[in-house]
Amino acid sequence: PRTKEHHLPLQIGEMVHILQGRLPARGCQQLWLPQGIFPASLIRLKGVPVPPSRVEESVMPAEMPTVQEITTTLWEWAAIWKQLYVAGQTERYGQVKRMMQELMEQRSQLLSGTLPKDQLLRLRKEVTGKMDYGNKILALDLVVRDEDENILDPDRTSVISLFQAHRRAAQTLTQRIQEETSPQQRAPGHGLHGAASPSHNLYLCVRNFVCHIGEEAQLFMALYDPGEQRIISENYVIRWASTGVPQDIELLNNLKVVFTDLGSKDLKRERLFLVCQIIRVGRMDLRDSHSRKLSTGLRRPFGISVMDITDITKGTCDKITVVPAGLWVSLKMLWGDLSQVRKDHPHLVDRSTAVARKLGYPEVIMPGDVRNDIYLTLVQGEFDKGNKKTQKNVEVTVCVCDEAGNVVQNVIQAGAGDSPTSHYRSVVYYQQRHQHWMETLKIAVPIEDVHRTHLRFTFRHRSSSDSKDRSERIFSMAFVRLMRPDGTTLRDGEHDLVLYKGDSKKLEDASAYLSLPSERNLSESKLLSGSSFRVSGVAPALAVSTRDSFQISTLICSTKLTQNVNLLGLLKWRSKPSLLCGNLQKLMNVDGGEVIKFLQDTLDALFSIMMEHSETDVYDTLVFDALVFIVTLVADRKFQHFNTVLEAYIRQHFSATLAYKKLLSVLTQYVEQAGRGEPCESLPRTFKALEYIFKFIVRSRHLFAKLYEGKEVAEFQRSLQRFFLALNQLMQSPLEGPTLLSQVGNGVVLGGLSSAVWWEGGWPGQALAVPRGEVMLSILCADLPWSPLPQSHYVACMASILSQMDKDHYSTYIQAFPSRPELMDFLMETFILFKDLIGKTVYPGDWMVMNMVQNREFLRAINHFATTLTEMFLSNSNFELQLWNNYFHLAVAFLTQDSLQLENFSSAKRNRILAKYGDMRATIGASIRDMWYSLGQRKIEFIPGMVGPILEMTLVPELELRKSTIPIFFDMMLCEHRLTGSFSRFEDEILRKLDSEVEGGRGDEQYMQLFKSILLSCCQSHPELAKPGEDFVRLVSELLERLLDYRAVMNDENKTYSMSCTVNLLRPEGQGDDALRPNHANCCAPHVGLSLPTHASVTSRYLYKLKDLHISYENYTEGAYTLLLHARLLTWSEESNAAPVPDPHGLHLHTQRQLKEALYNQIIEYFDQGKMWEEAIHICKELAEQYESHVFDYEMLSDILQREAKFYEKILKVLRPNPDYFAVGYYGQGFPTFLRNKIFIYRGKEYERREDFEMQLLSPFPNAEKLKSTSPPGQDITDSPGQYIQCFTVQPVEEAKVRLKGRSIPEQITNFYKANHVQRFSYSRPFKRGPNDPDNEFANMWIERTTFRTAYPLPGILRWFVVTSTETITISPLENAIETMMKTNEKIMSEINRHQNDPGLPINPLSMLLNGIVDPAVMGGFTKYEKAFFQEPYMQEHPEDAGNIEKLKDLIAWQVPGAASLWQGQLPPVPTVPPHPREAARVPVLPQIPLLAEGIRIHGQKVTEDLRPFHERMEQCFEQLRAKVESQYGVREMVSATMGGMGQAQLGVTGSARHRGGDTGQANRDVGQQGAAG
């Protein structure tokens, strides 16, 4: 169908909500149509839940949120993707294309519903990471998410949490972009998930182990750092049977382990290896044959396998299967803590998966993560062979014993995946004196038994022979206690143990050795060679084996056992209560890392001290300081991951119900102390920890209220009020407040309070309104003098507190001010601060959610304060002008801020904002309007000051806002008119502001129409304003239209149209073209006589913009004329300059004389560069007059006269080609109004071809069609919506110069006036009329001549001017012949004159001209003129042409009256185009034959010998021509004595028209050929 009335334009992928029709009958029976409008193969139906109560339906398909987000993201990216292609950004275009394709593929996977849970979660993380990254590189908004990748809802999230989420997301994206751009490839997955989690895991699955051993084997697999040369994880132990399968057959294909607790530092290790040690269990030597005589069960080294897994841990290689030495394994990095990994990857990590922990603490120890592992490493030993011939085969047996020497059962574990045992036997090395075991095992003793247990090491020689091996006894023993005498655990590191020898039974008797030293460094003085000890004087001696040595290494990983005495004293405070004060103070000296390990136990101890001493305050301050110390530790960058640990502790493990009383009491005490001016060193540290202190307070109070059913509410509120009032007092302190804020930052204080309270879900109790608001605003205002650039976290804190204040809070706070001046100061500072924050946009531009939340809270606050204004500051006695002024400026700044301009956003973003926040501009706009109308008689005080802000508001492109606020302008007009009788101040201000606002991008056609219709309607309802109001509206509408035209083209690459619009702005509003009429004062070139518009500064600004545009395009002549506009408005006086000069060079020119002189010098320079020396001379003369007769500055006079002399010289000696002129028509409704259906005459540049000019002309309009015809187009073209351009060359029509008439003047002087100071231009179009004569085309060759008149002469302040009138006449063939002959004769005269003046000119142009006329073989001679016009039939048919026929004969034969006067210098100038074609026959003519004779004479004098034959041929042709003319027209004589005077005849004569291209060029070639007929 042709009509689009019922069309629905759709794109592929777009969603349509189909409303099914229903019958209006009872029962609402559904009407199903048998056919639909959508082809079934091209659509997919989806279920869509639509809320029935919503006025505007939000139609979203019933899909998971991630899929919906991918869909909207792809739509948003697609539009930008196309723009990237158009802009030629191929690299970014390709990148976005790949990402979109990946997202579409991943969207399909999500919709498939076939992914397991862990893969689904990982895919969601990958998808959201990709979308966030794409949004970042495409400069779209940042999306903030929770840990489950769901988009955060700002209504259910505190402002502080929202801010922190934004900051984390921004940091993650920045880090990823840096990784993308760095030379090293980003770790896949690691950049997205690894950074977010402090815990990482390496999953390992052993596929197979193939190695022919023949005996049982034990595989010990661990992670090894080659840089530090140490194992960093527990071993994973696999026991392999001799049959080649695991000993536990159930583990076949299920040998899995997770190396957990890996931190970010572990992933950053330069290299990381997976090491597998293979220990065989069997005979001493594999080469021995199987026999009952051989000992078995010996653990012997067999081999080792090593693989570099750095790529896997860094994430550059996600999953790999390797084959090092017959061992097949699969590896994969898993992110998150172990519980998260089990949840995300249940098919990989289940209950049967072994867990190998790191040797050491993880980066984060969560509350409840109780660990008590003691890692023992058998390092090395050295054993003397004693009485044996060879070195011993030493086996070390490790066991854990209690004080009685009994072995503690099943507390030793060789590694993960292995069952615990009571004894551990080391590897046996064959006949080695130095034994290096480096075997690590884990001791897991119950915490309550650690203090009474010790490790015992026994050493035995193992023999290959079974019989000998049975007889071997323990030859040495060593031991070490797990706990030191002071209650701390065994220190980490190596221990050199004392080896004792003696009876084997005594060596296993604990009572015999426990009292002896266990380490060498503890008893160096006692261990003398050969010495021995007796225990209690009863037991036999145990000798120290001085020749043997044994070293072990221990590592304690316990959250319950500490190696620090001071920390232990606090944790065990009940055992020695008398030392409690000292232990609390010593806590501050404990290493931070040690405290963090025992965070939960330390906090439990502190709060238990507080709870058990609730009746006294002896320990309150010490416990409070200790708590501050711990919180400060957690805030340290080193332990930043423990923030979540502290949060988890407060939520899940903290249970001190009375702690809030103690904490609040000490905190208030500190604040009051500082407020009194007393020193309080702890307060800065306390304020830095304020967030968590308050979280403890709020949680404690919450638990108390839950336990005791909300008792003691009033007491708690009084305590809080006391604290807030003390804090307020501190902020008001002139010394302490600023000092404290500078030390800790007020954002910390606000953030601590705000986030702590939000953390628990709101402030407990309405009674907190006064202290909360007062403190917030006190801290807020305290920021003003000392923080010129408020930081974003501070603003977030303020917005957070504002979000918790309701109407009652605001009113209570306002009423709390003791006096009106204080309230006014507060409101004043608050308005200034809000305006400052809105203008500075403290958040990055892509933090859309954060910006909108802040705006929402600011809007609420502004509206509350507006109510205060009307209630307390509006009456005559209480009115405060500046306060109201600040309110209006703040409200307008809020309304016009960039983040609220919805029309600048994509439709998706606009819809999101409207759905969540609405259009806040409408709300604040209505408030501004209501506040304005409430002013009553006070409105006049805001005129004209508020005109600019209100204008800025009404220019916001929101229709309803404009309709509701534009009437304010009429109210202003009415108000001023009633008081003063006019509204001139309002008018001046709006005209001045409109200029800058529109140039800044505001305003459009809709605004212009609304402004006009609304104000005209208002004016008509008030008769006294009808006429002046209508004039004003018309004035503003015209100015606005010109400003919009100017803005539309000001950024175009082609500045042609910018210049036109700038000139339009120079025309005074409300005046026609008469305001810009030419001025020919002093015979100077025409310049635009300008009367300044309403504001001189506006005109001056656009004048200089126009000048700069001209100079940038090297239009020096036009630039000079533009400056001349300004210069002509100045006088030669000492008056100061009224309008500022935009040019920086004009800043020091204070008087009009100084400025005019400077402008004239600049104008002279521009005229010189534009070769307009005649114009420069006029300016020089005026300057010379001033120097000579007024200021008597002869030095400057000398200089200006020398410059003037050089210009005269240049006129005569420098070549100056005349420019071409082009007529250009812009037809069709597709052009801007200032071009539409208008014709312009353009002044071309030197040697500019029409083809080049047309190309430049068409470049701003790529869709425009060039018209081939030069005829005026019809209405079908002018009314069409398209663009059509017509271009052809025109000839300037010289204006008659009386002072040059009848004089002999050099051609160089007269040529200037032929193409300059011209306002009329002609175009000649030849056409045929009557019967066609193929033998003589001149007989019916008519000319249609159109003369165009421009608004101003060219050149001027533009290179083009619009045509104001046209005149078309028709020239007969005979008149055309006369005109052509006259032009030809003028050419001959010009060449003769040039050669007489300058004998050195080349002869070629003269040769070609003469030969073309005299040689009939070339041009055909006069025969065609004779056939066409001198025949009897023509003369009888056209008796009225008898005079013209005689004139044509005279031109040929030169036998006319007055011909001789030509040579006496009396002939008036003959124009190329007569003033009227009918007068052509009456113009005195230039005879051709005498001219040709003179030309050939000159040619003969200058011809060279090689061209002599050519000259002789030309003389011969001339003689024949002359004989013919004399025989037919008689003999003529030429008076050659005055030939030099011929030059004057060229005044006003131009050469042949230089048309190029199309039928126009052909027409002029036809005309040009007639010249040859002479």
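For Ile697, the stated conditions do not hold, so it cannot be described as in contact with a Gly (Cβ under 8 Å, 6 or more places away or on another chain), of a type in the set (Val, Ile, Thr) and open to solvent by less than 10 Å² (accessible area, probe 1.4 Å).
Within the range 1273-1303, the set of residues being modelled with pLDDT of 90 or more and assigned to a loop (DSSP other than H, G, I, E, B) comprises Pro1273, Gly1274, Asp1279, Ser1280, Pro1281, Gly1282, Gln1283.
Inclusion of Lys688 among residues that are open to solvent by 60 Å² or more (accessible area, probe 1.4 Å) and not aliphatic (A, V, I, L, M) is warranted.
Rundown of residues vs (1) among the aliphatic types (A, V, I, L, M); (2) within 60 Å of the chain's Cα centre (by Cα); (3) under 14 Å from Val445 (Cα atoms), yes/no style:
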{"residue": "Gly360", "(1), (2), (3)": "no, yes, no"}
{"residue": "Asp369", "(1), (2), (3)": "no, yes, no"}
{"residue": "Asn372", "(1), (2), (3)": "no, yes, yes"}
{"residue": "Tyr375", "(1), (2), (3)": "no, yes, yes"}
{"residue": "Glu382", "(1), (2), (3)": "no, no, no"}
{"residue": "Gln413", "(1), (2), (3)": "no, yes, yes"}
{"residue": "Ser422", "(1), (2), (3)": "no, no, yes"}
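Output yes when any residue across the range 840-857 is among the small types (Gly, Ala, Ser), under 25 Å from the mean Cα position of the chain (by Cα) and open to solvent by 60 Å² or more (accessible area, probe 1.4 Å), and no when none is. Yes; the residues of the range 840-857 include at least one that is among the small types (Gly, Ala, Ser), under 25 Å from the mean Cα position of the chain (by Cα) and open to solvent by 60 Å² or more (accessible area, probe 1.4 Å). Residues that are of a type in the set (A, V, I, L, M) and within 16 Å of the chain's Cα centre (by Cα) within the range 131-142 comprise Ile137, Leu138, Ala139, Leu140, Leu142, listed in sequence order. Restricting the first residue to the range 538-565 and requiring it to be more than 21 Å from Glu494 (Cβ to Cβ), which pairs with a second residue that is among the aromatic types (Phe, Trp, Tyr) and modelled with pLDDT of 85 or more meet a Cβ separation below 8 Å and a spacing of at least six or different chains? From the range 538-565, the pairs are Leu542/Tyr500; Leu542/Tyr513; Ala543/Tyr500. Looking across the range 898-926, the residues that are of a type in the set (Asp, Glu) and either assigned to a loop (DSSP other than H, G, I, E, B) or under 22 Å from Tyr887 (Cα atoms) (or both) come down to Asp898, Asp919. In the list Asp995, Asp1004, Asp988, which residue meets the criterion of being surrounded by fewer than 16 Cβ atoms within 10 Å (Cβ to Cβ) and touching a His at 6+ places or on another chain (Cβ under 8 Å)? None of the others qualify; the one that does is Asp988. For Trp1342, the conditions (1) modelled with pLDDT of 85 or more; (2) farther than 23 Å from Leu1451 by Cα; (3) touching a Phe, Trp or Tyr at 6+ places or on another chain (Cβ under 8 Å); (4) open to solvent by 30 Å² or more (accessible area, probe 1.4 Å) are fulfilled apart from (2). Of the residues making up the range 498-540, those that are modelled with pLDDT of 50 or more, touching a helix residue (DSSP H, G or I) at 6+ places or on another chain (Cβ under 9 Å) and either among the β-branched types (Val, Ile, Thr) or more than 25 Å from Val407 (Cβ to Cβ) (or both) number 1. For the range 562-569, the count of residues that are at pLDDT below 65 and touching a Gly at 6+ places or on another chain (Cβ under 6 Å) is nonzero. Scanning the range 423-478 for residues that are in contact with an Asp or Glu (Cβ under 8 Å, 6 or more places away or on another chain) and charged (D, E, K, R) returns Arg425, Arg433, Lys442, Asp449, Arg452, Arg456, Arg460, Arg462. Checked against the criterion of being surrounded by fewer than 21 Cβ atoms within 10 Å (Cβ to Cβ) and over 51 Å from the mean Cα position of the chain (by Cα), the range 220-239 has at least one qualifying residue.
Of the residues making up the range 1494-1503, those that are without any contact (Cβ under 8 Å) to a residue 40 or more places away in the chain and not charged (D, E, K, R) are Gly1500, Gln1501. Among what's in the range 971-985 and is touching a Phe, Trp or Tyr at 6+ places or on another chain (Cβ under 6 Å) and either open to solvent by 50 Å² or more (accessible area, probe 1.4 Å) or aliphatic (A, V, I, L, M) (or both), pick the residue that is farthest from Gly936 (Cα to Cα). Once the filter is applied, the top-ranked residue is Met973.
Taking residues in the range 202-227 that are assigned to a loop (DSSP other than H, G, I, E, B), and partners anywhere that are among the acidic types (Asp, Glu), the pairs with Cβ atoms closer than 7 Å and at least 6 places apart or on different chains are Gly227/Glu270. What do you reckon, is Ile968 modelled with pLDDT of 90 or more and surrounded by 19 or more Cβ atoms within 10 Å (Cβ to Cβ)? The answer is yes for Ile968. Scanning the range 475-523 for residues that are closer than 17 Å to Lys392 by Cβ and either touching a residue at least 60 places away in the same chain (Cβ under 8 Å) or under 60 Å from the mean Cα position of the chain (by Cα) (or both), which turns out most open to solvent (accessible area, probe 1.4 Å)? So the residue we want is Phe475.
Applying the set (1) in a loop (DSSP other than H, G, I, E, B); (2) at pLDDT 80 or above to Pro1334 leaves exactly one unmet item: (2).
Pairing each residue of the range 1404-1424 that is open to solvent by 50 Å² or more (accessible area, probe 1.4 Å) with any residue that is modelled with pLDDT under 85, provided the two are 6+ apart or on different chains, yields C-beta distances under 6 Å for Val1418/Gly1412; Met1419/Gly1412; Met1419/Ala1572; Lys1424/Asn1336; Lys1424/Phe1338; Lys1424/Ala1573. Name the single residue, out of those in the range 246-275 being of a type outside the set (A, V, I, L, M, F, W, C) and in contact with a His (Cβ under 8 Å, 6 or more places away or on another chain), that is most open to solvent (accessible area, probe 1.4 Å). The selected residue is Ser264.
Looking across the range 858-884, just one residue is touching an Asp or Glu at 6+ places or on another chain (Cβ under 6 Å) and crowded, with 18+ Cβ neighbours inside 10 Å, and that is Phe873. Would the range 41-64 turn up any residue that is in a helix (DSSP H, G or I) and modelled with pLDDT under 90? There is at least one residue in the range 41-64 that is in a helix (DSSP H, G or I) and modelled with pLDDT under 90.
Listed here are the residues, each with its yes/no results for (1) modelled with pLDDT of 90 or more; (2) surrounded by 14 or more Cβ atoms within 10 Å (Cβ to Cβ).
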residue: Ala1138; (1), (2): no, no
residue: His1145; (1), (2): no, no
residue: Leu1159; (1), (2): yes, yes
residue: Glu1185; (1), (2): yes, no
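The values are calculated or read from the model by the stated rules, or taken from the named source; none is laboratory data. On a predicted model such as this, the values are computed, not experimentally measured, just so you know. Heads up, the Cβs are rebuilt from the backbone with ideal geometry, glycines too, and the neighbour counts pull from every protein chain shown. Areas reflect the complete protein model, heavy atoms only, side chains present, ligands, DNA and RNA absent. Shrake-Rupley method; radii C 1.70, N 1.55, O 1.52, S 1.80 Å.
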